[in-house]
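Below you'll find the structure, written out as structure tokens, and then a few comments.
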Ligand SMILES: [Zn+2]
């Protein structure tokens, strides 16, 4: 995953897919965005691309492999990622609210600082992922494999983690609702400074 430097004098950003410039320094932004959207539509394998800052709201990534790709700071709200393969990709500080990641294979992926509220991850594998400071409010994580993923300072209000594999998942400074972890192996997770909205966290984990 190595991208060229933007050719604009003294710019430290990486160049976006299809251009020699970052989005800010691309002259015809509309035409670049159109070309990228068309590329997404026509290809099932979209690997090793830098899409930093490109808007993708309402985009359909279902059945695609979008591994080793950078979606940092992108607008991806209302997007569909059903049956999508996402290995070692970046979604940091992206707006991904109201999105659907059901039945997907997601590994080693960074969602730090992203807004994933009102999203669905049903039946997905989400292992070794990083949710540092991620907003996951009002989301559905039921029946997912979350082993080795990190939820540090993540916001999980009204989010359910029912019937999940939490082996070596790390939750730090996370506030749970009373039945958030129902039917999950919470005893195999690592909980640091977490609390429960309506009870004692220790009772809640029994
Ligand atoms: Zn630039």
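Summary table below
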{"quantity": "Top-ranked residue of segment 1-51 - restricted to ones that are in a loop (DSSP other than H, G, I, E, B), touching a residue at least 40 places away in the same chain (Cβ under 8 Å) and in contact with a strand residue (DSSP E or B) (Cβ under 8 Å, 6 or more places away or on another chain), ranked as nearest to the ligand (Cβ to nearest atom)", "calculated": "3"}
{"quantity": "Filter result for residue 67 (touching a residue at least 60 places away in the same chain (Cβ under 8 Å), within 23 Å of residue 111 (Cβ to Cβ), away from the ligand (no atom under 12 Å from the Cβ) and assigned by TED's automatic domain parsing to the domain that holds residue 112)", "calculated": "no"}
{"quantity": "Residue list for segment 77-91, filter: under 10 Å from the mean Cα position of the chain (by Cα) and either surrounded by fewer than 23 Cβ atoms within 10 Å (Cβ to Cβ) or assigned to a loop (DSSP other than H, G, I, E, B) (or both)", "calculated": "89, 91"}
{"quantity": "Filter pass, residue 107 being within 16 Å of the ligand (Cβ to nearest atom) and either more than 13 Å from the chain's Cα centre (by Cα) or under 20 Å from residue 125 (Cβ atoms) (or both)", "calculated": "no"}
{"quantity": "Total residues in segment 52-70, condition part of a loop (DSSP other than H, G, I, E, B) and closer than 20 Å to residue 31 by Cα", "calculated": "7"}
{"quantity": "Hey, residue 139 within 20 Å of residue 52 (Cα to Cα) and out of contact with any strand residue (DSSP E or B) (no Cβ under 6 Å at 6 or more places or on another chain) or not", "calculated": "no"}
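The values are calculated or read from the model by the stated rules, or taken from the named source; none is laboratory data. Nothing here was measured: the structure is a model prediction, and the numbers come from that model. FYI the Cβ positions are ideal-geometry reconstructions off the backbone, even for glycines, and counts take in every protein chain you see.
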